[in-house]
């Protein structure tokens with residue numbers, strides 16, 4: 001049977017641009033048709049921003065690569081129109097277990113609170129998510145939205161011309177040039193665009209290697225995240241087991257630093273390691289094998305004139321914590337509404353600087369958590385190892401030690417505390433929904449709060465009077481009136497002990513400002529600030 005990653009999903013087709021005497025100017029060009037680039041393209045096109053996606057490939061990624069997609073990513077995919085499909089195919093999980101040697105030392109629930117549309121995580125092979133995003137991109141284009149996905153279009157050179165960039169592109173039929181008002185580089189960890197511009201990362205590369213294997217097998221393990229420290233099948237190292245759809249299981253095995261990577265990837269060496277873990281009688285097939293090294297690094301800035309970097313092209317973290325693809329999709333969620341406002345003339349170009357501030361802030365948070373996880377998982381001194389092992393021993397019987405156990409702090413949305421777009425914050429309201437934070441979902445009647453937030457700004461009132469709309473400089477905030485009595489979970493998450501509240505929600509479902517009552521002047525000022533005009 002032909003597998004999805006062997007089939008061209010966006011094959012090369014000659015574009016009209018290739019027949020033009022002069023380079024055609026496009027508002028936005030995205031480089032890379034992975035999850036991050038496709039999410040950006042769909043988001044922009046749905047906002048009626050013309051976008052061209054260029055990729056030197058014509059099919060989805062081989063190997064599952066990213067597999068853990070977080071609640072916040074699923075909420076973004078809902079807005080983009082393919083969240084349901086991802087959840088239906090994916091393996092849902094909230095529970096994780098941590099083992100030391102052969103003992104389970106504790107378990108944790110990532111979403112113990114009821115009243116959310118989406119689970120803490122799903123496991124889904126990256127090639128499926130890419131397939132759904134490609135098919136969604138086609139749907140968007142078929143609906144008349146301005147999205148052009150071009151396979152086997154490889155960018156060979158880029159030129160910065162101040163108010164635009166020029167791209168030299170190679171295709172099976174020869175080269176051509178185009179121009180872009182804005183360029184979004186989503187071309188992965190080895191980013192050719194980053195290299196062409198002479199840019200690099202700052203950060204750390206950790207001296208350790210991990211074997212990652214996707215194996216096809218039928219097994220009775222539950223749909224949970226299992227992590228081992230110093231297991232009997234991989235002494236002195238760590239291991240991770242995750243279930244994916246189609247009876248595919250992700251296995252990570254720590255190998256150490258001084259290894260022959262090519263030798264370790266050979267099936268005759270991988271299979272015995274997996275049998276040590278699963279048992280000599282285990283029956284499985286290898287689908288994908290790779291060796292990776294932890295890296296916790298980022299570019300110093302994600303904006304370079306009219307070129308914007310997102311996803312792995314901008315930052316890299318260790319895979320324990322599922323902060324790679326999730327943070328990349330959150331990059332584009334942060335960026336696209338801002339680009340749309342700038343291109344529409346409703347916001348100054350300086351609004352794009354807030355993308356750099358907020359997502360560098362988010363990358364630093366991810367890198368900090370990823371670095372701490374790495375140092376706990378792979379201690380580099382006897383003292384560090386003794387501390388880690390003592391924590392694991394204590395965690396089995398003592399709740400106070402469990403927060404110190406770090407098998408990968410799993411991805412949650414970043415709160416942009418003190419962010420440049422944040423407006424006023426009323427006292428007495430819950431900390432979890434303060435300005436800069438991603439809106440917490442809640443059941444609203446037969447539906448969900450996040451599904452009620454539109455593509456633009458929303459002014460949400462809970463037991464508070466607001467007008468039919470607030471507008472400033474051509475940007476409007478659509479009213480959403482809700483009752484605390486009818487929606488108790490909403491009240492708990494957004495009111496606390498207050499009798500009423502008004503929230504200004506950004507287009508990316510982050511909270512811009514909040515008050516305990518409506519004030520026309522204050523709301524208009526917060527709207528201006530959130531749009532980068534103040």
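The values are calculated or read from the model by the stated rules, or taken from the named source; none is laboratory data. Keep in mind it's a predicted model, so treat the numbers as computed, not measured. Note that each Cβ is placed from the backbone with ideal geometry, even for glycine, and that neighbours are counted across all protein chains shown.
For (1) under 30 Å from residue 194 (Cβ atoms); (2) modelled with pLDDT under 90, each residue gets a yes or a no:
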site: 227; (1), (2): no, no
site: 233; (1), (2): no, no
site: 239; (1), (2): no, no
site: 259; (1), (2): yes, yes
site: 267; (1), (2): no, no
site: 278; (1), (2): no, no
site: 284; (1), (2): no, no
site: 292; (1), (2): yes, yes
site: 314; (1), (2): yes, no
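Checked against the criterion of being at pLDDT 95 or above, outside any loop (DSSP other than H, G, I, E, B) and farther than 27 Å from residue 71 by Cβ, the candidates 352, 329 yield just one match: 352. Pairing each residue of segment 170-193 that is touching a residue at least 60 places away in the same chain (Cβ under 8 Å) and outside the structural domain of residue 35 (by TED's automatic domain parsing) with any residue that is crowded, with 24+ Cβ neighbours inside 10 Å and assigned to a loop (DSSP other than H, G, I, E, B), provided the two are 6+ apart or on different chains, yields no C-beta distance under 7 Å.
Of the residues making up segment 426-438, at least one is in a strand (DSSP E or B) and assigned by TED's automatic domain parsing to the domain that holds residue 486. When we screen 104, 156 for residues that are surrounded by fewer than 19 Cβ atoms within 10 Å (Cβ to Cβ), in contact with a strand residue (DSSP E or B) (Cβ under 7 Å, 6 or more places away or on another chain) and under 30 Å from residue 23 (Cα atoms), the only hit is 156. Once segment 386-409 is narrowed to residues that are in a loop (DSSP other than H, G, I, E, B) and without any contact (Cβ under 8 Å) to a residue 40 or more places away in the chain, the residue that is surrounded by the most Cβ atoms within 10 Å (Cβ to Cβ) is 406. Return yes when residue 368 is in a helix (DSSP H, G or I), in contact with a helix residue (DSSP H, G or I) (Cβ under 8 Å, 6 or more places away or on another chain) and free of Cβ contacts under 8 Å to residues at least 40 places away in the same chain and no when it is not. In short, no.
Of the residues making up segment 446-462, those that are surrounded by 16 or more Cβ atoms within 10 Å (Cβ to Cβ) and over 15 Å from residue 507 (Cα atoms) number 3.
Taking the listed residues 360, 412, 342, the one that is surrounded by fewer than 22 Cβ atoms within 10 Å (Cβ to Cβ) and outside the structural domain of residue 68 (by TED's automatic domain parsing) is 412, with no other qualifying. What do you reckon, is residue 443 surrounded by 21 or more Cβ atoms within 10 Å (Cβ to Cβ), modelled with pLDDT of 95 or more and within 19 Å of residue 76 (Cα to Cα)? The answer is no for residue 443. Take residue 430 and decide whether it is buried (at least 16 other Cβ atoms within 10 Å of the Cβ), in contact (Cβ under 8 Å) with a residue 60 or more places away in the chain and over 21 Å from residue 77 (Cβ atoms). Considered against the rule, which asks whether it is buried (at least 16 other Cβ atoms within 10 Å of the Cβ), in contact (Cβ under 8 Å) with a residue 60 or more places away in the chain and over 21 Å from residue 77 (Cβ atoms), residue 430 comes out as yes.
If the requirement is being touching a helix residue (DSSP H, G or I) at 6+ places or on another chain (Cβ under 6 Å) and farther than 17 Å from residue 99 by Cβ, which of these qualifies: 215, 289, 248, 270? First the steps, then the outcome.
Numbers: 215 fails: touching a helix residue (DSSP H, G or I) at 6+ places or on another chain (Cβ under 6 Å); 248 fails: touching a helix residue (DSSP H, G or I) at 6+ places or on another chain (Cβ under 6 Å); 270 fails: touching a helix residue (DSSP H, G or I) at 6+ places or on another chain (Cβ under 6 Å).
The unique qualifying residue is 289.
One line per residue, one yes/no per condition, for (1) at positive phi; (2) touching a strand residue (DSSP E or B) at 6+ places or on another chain (Cβ under 7 Å); (3) part of a helix (DSSP H, G or I):
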residue: 18; (1), (2), (3): no, yes, yes
residue: 37; (1), (2), (3): no, yes, yes
residue: 54; (1), (2), (3): no, yes, no
residue: 77; (1), (2), (3): no, no, yes
residue: 92; (1), (2), (3): no, yes, no
residue: 112; (1), (2), (3): no, no, no
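Does residue 372 fit the bill of being under 25 Å from the mean Cα position of the chain (by Cα), within 26 Å of residue 253 (Cβ to Cβ), surrounded by fewer than 20 Cβ atoms within 10 Å (Cβ to Cβ) and at pLDDT below 95? Give the steps one after another, and end with the answer.
Values: under 25 Å from the mean Cα position of the chain (by Cα): yes; within 26 Å of residue 253 (Cβ to Cβ): yes; surrounded by fewer than 20 Cβ atoms within 10 Å (Cβ to Cβ): yes; at pLDDT below 95: yes.
For residue 372, the condition - under 25 Å from the mean Cα position of the chain (by Cα), within 26 Å of residue 253 (Cβ to Cβ), surrounded by fewer than 20 Cβ atoms within 10 Å (Cβ to Cβ) and at pLDDT below 95 - is met.
Just to be sure, is residue 479 modelled with pLDDT of 95 or more, surrounded by fewer than 21 Cβ atoms within 10 Å (Cβ to Cβ) and touching a helix residue (DSSP H, G or I) at 6+ places or on another chain (Cβ under 9 Å)? Spelling it out, it is not the case that residue 479 is modelled with pLDDT of 95 or more, surrounded by fewer than 21 Cβ atoms within 10 Å (Cβ to Cβ) and touching a helix residue (DSSP H, G or I) at 6+ places or on another chain (Cβ under 9 Å).
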